[in-house]
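Asks: Please read through the structure below; I'll follow up with questions.
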Amino acid sequence: MTLDEELDAIFTARDRSNMAPTLDVLLALHASNPENARVLYEVGGAYDTAGQEKSALEFYESALAAGLEGDLLRRCYVQYGSTLRNVGEYEKSLEVFATARNTFPQSPALGFFEAITLHAAGHQNQSIASLLDIVVSFIHTPDIERYKPAISGNAGYIRSLKSTPAKGNVR
């Protein structure tokens, strides 16, 4: 079995309500593959799922430095940016999402999670406007197509409004 096949099997078998066995197996793989970008990413994801955000951040940063590519890189950006938001590092999260969206402009998931960070950081109007931009860019139904100019216009208007301070964080 290849390392990728082994990682796929571990991911498929994980129990999100009890991540300890998954972490044990992944940490053993990490010990024998300490520089492997995917192993680093998967360990980070397991820590994240287990609610250990600080440990997850370290592994995500190591995975990015190790050269993740393709869809794994996109997924790491989503998870890394979201985890930064969850620990209150909104500006850093927004920087990660800006980089990610430049790298993967066709990923609506990145835009959605960026909008959640904007909201958590107190930029509610920017958040709503960003979601409307995603609707215009990625939803192609007859009723949306008909109203795209109006949706875009409303996004611009909402973006121009002053946001009110956030009352709490969104996780």
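Asks: 222 nm [θ] for the chain, helices only, -39500 (n - 2.57) per DSSP H run of 4+, per residue, to 500? Write down the numbers at each step before the final one.
Replies: Numbers: 9 runs with 128 residues, N = 171.
Value at 222 nm, helices only, nearest 500: -24000 deg cm²/dmol.
Asks: OK, next. Residue farthest toward the positive end of the dipole of the range 67-171, with Cβ of Lys/Arg at +1 and Asp/Glu at -1: which of 113, 125, 144?
Replies: 125
Asks: Additional query: For helix 90-103, report the angle its Cα long axis makes with the longest principal axis of the Cα atoms of the chain; keep it between 0 and 90° and round to the nearest 10°.
Replies: Helix 90-103 sits roughly 90 degrees off the main axis of the chain.
Asks: Next up: Please order 58, 42, 53 by the number of other Cβ within 10 Å, starting at the fewest. Each step should come with its number before you reach the end.
Replies: Details: 58 14, 42 25, 53 19.
By the 10 Å Cβ count, ascending, the order reads 58, 53, 42.
Asks: For the residues 16, 101, what sequence is obtained by ranking on other C-beta atoms within 10 Å, fewest first? Before the final figure, lay out each step's value.
Replies: Values: 16 9, 101 17.
Result, fewest neighbours first: 16, 101.
Asks: Using the count of nearby Cβ atoms within 10 Å as a rough guide to exposure, how do 11, 97, 104 rank from fewest to most? Mind showing how you got there, number by number?
Replies: Values: 11 13, 97 26, 104 19.
Fewest-to-most Cβ neighbours within 10 Å comes out as 11, 104, 97.
Asks: Select from 66, 31, 56 the residue whose mean-square fluctuation is largest in a Gaussian network model of the chain (Cα-Cα springs shorter than 10 Å).
Replies: With Cα springs under 10 Å in the chain, the top fluctuation among 66, 31, 56 is at 31.
Asks: Below 8 Å, C-alpha to C-alpha, sequence gap of six or more: please give me the relative contact order for the range 1-68 in percent.
Replies: On the way: 69 pairs, mean separation 19.1, N = 68.
Rounded, it is 28 percent for the range 1-68.
Asks: In percent, how large is the relative contact order of the chain, given Cα pairs closer than 8 Å and 6 or more residues apart? If you can, show how the numbers build up before the last one.
Replies: Details: 207 pairs, mean separation 24.0, N = 171.
Contact order relative to length: 14 percent.
Here, each number is a calculation from the coordinates, and none is a lab measurement. Since this is a predicted model, take the numbers as computed values, not measurements. Using ideal geometry, Cβ is built from the backbone for each residue, glycine included, and neighbour counts are taken over all protein chains shown.
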